[in-house]
Amino acid sequence: MPDPEIFRIACARLGLPPERVAFVGDRLDVDALAARSAGLRGVWLDRSGRAAPPGLAVERITSLRACRGGR
């Protein structure tokens, strides 16, 4: 898992606190869970078509359409 500091640095460069930033990635551990551990809203882009694992600690989307409100 990446060092959470990299996510905090990115947020600082955006001029936003981590709790105001969502990070969407297609790898549960390296993207969504790592972002969550740094205080961001971690979102897992899961295009596998399988059911979500039980007890998932982050939001899961199956398409990038979900990021645009389905438009």
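The values are calculated or read from the model by the stated rules, or taken from the named source; none is laboratory data. This structure is a prediction, so every number in the text was calculated from the model and none was measured. When we count neighbours, we look across all protein chains shown, and the Cβ atoms used for this are built from the backbone with ideal geometry, even at glycine. All accessible areas refer to the heavy atoms of the entire protein, side chains included, with ligands and DNA or RNA removed. Shrake-Rupley method; radii C 1.70, N 1.55, O 1.52, S 1.80 Å.
Quick notes
- For the chain, with all protein chains in place and a probe radius of 1.4 Å, 52% of the accessible heavy-atom surface sits on carbon or sulfur.
- Rolling a 1.4 angstrom probe over the protein heavy atoms with all chains in place gives the range 6-51 an accessible area of 64 Å² per residue.
- Principal-axis tilt of helix 5-14 within the chain, Cα atoms, nearest 10 degrees: 80
- Farthest positive-ward along the chain dipole, Cα basis, beta-carbon charges - from 32, 62, 12: 62
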